[in-house]
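Quick notes on the structure that follows.
Each value in this text was obtained by applying a stated rule to the coordinates, not by laboratory testing. From a predicted model like this one, the values you see are computed outputs, not experimental measurements. Cβ sites come from the backbone with ideal geometry, for glycine too, and all protein chains shown count toward neighbours.
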Amino acid sequence: MQEKKVIESEIEKGYFAIGGEFSSRLKKILRRLGVDSQKIRYLAIIAYELEMNLIIHSDGGRISAHISSNVIQIISKDSGPGIKDIKKAFQPGYSTAPAEIKEMGFGAGLGLNNVEKFADNLNIKSEAGKYTILKAAVNLSTQS
Ligand SMILES: Nc1ncnc2c1ncn2[C@@H]1O[C@H](COP(=O)(O)OP(=O)(O)OP(=O)(O)O)[C@@H](O)[C@H]1O
Ligand SMILES: [Mg+2]
């Protein structure tokens, strides 16, 4: 793999029908590229949590995967509403998902913890009322 490969998806707010599509597509592509299956599992979990967060919590955004031979980075960008208290958002069990979303089985407040657990590198920037950008990288050269 010399060139960097990028796959990208636009995610609309509240559009649950496409939830999981990006992570499935990523999984298939990574399998075809021969990426280690444990790493694929980590990346699929990260992508799934971030795409669901875009659907549930954001006003809409984009998720992308940047694939190179030694690292894969998942980037989620949205155009609001931003995260006021990032530390709080990472507390296990903390969720602002409304009751009807919780009834659908989401909103355990564990998604970002999962991302943190499976990423080798995590970077989050957010401005309340404006945007959130999350970058999670998984190294392919190190052991799972
Ligand atoms: N893209 C985002 N924009 C705005 N707020 C977000 C975004 N992603 C996460 N959050 C905030 O961070 C909180 C914690 O997110 P996390 O993914 O850990 O839990 P959850 O989505 O509420 O529940 P779960 O992921 O377990 O279904 C969310 O409840 C929400 O308040
Ligand atoms: Mg979540």
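Helix 37-57 and the longest principal axis of the Cα set of the chain meet at an angle near 30°.
From its DSSP helices (H runs of at least four residues, each -39,500 (n - 2.57)), the chain gives a residue-normalised ellipticity at 222 nm of -10000 deg cm²/dmol.
For the chain, the dipole from Cβ point charges (+1 on Lys and Arg, -1 on Asp and Glu) about the Cα centre works out to 380 debye, to the nearest 20. Measuring between alpha carbons in the structure, the pairs from LYS4/LYS28; LYS4/LYS87; LYS28/LYS102; LYS39/LYS88 lying more than 25 angstrom apart are LYS4/LYS87; LYS28/LYS102; LYS39/LYS88.
Let me make sure I get this right: for the range 5-139, a, b and c are the square roots of the gyration tensor eigenvalues over alpha carbons, sorted descending. Under 1.5 in a/c it's rounded, otherwise prolate if a/b > b/c, else oblate. Which is it?
Verdict is prolate for the range 5-139.
Applying 1/(1 + (r/R0)^6) with R0 = 25 Å to the Cβ-Cβ distance of LYS88 and SER24 gives a FRET efficiency near 0.25.
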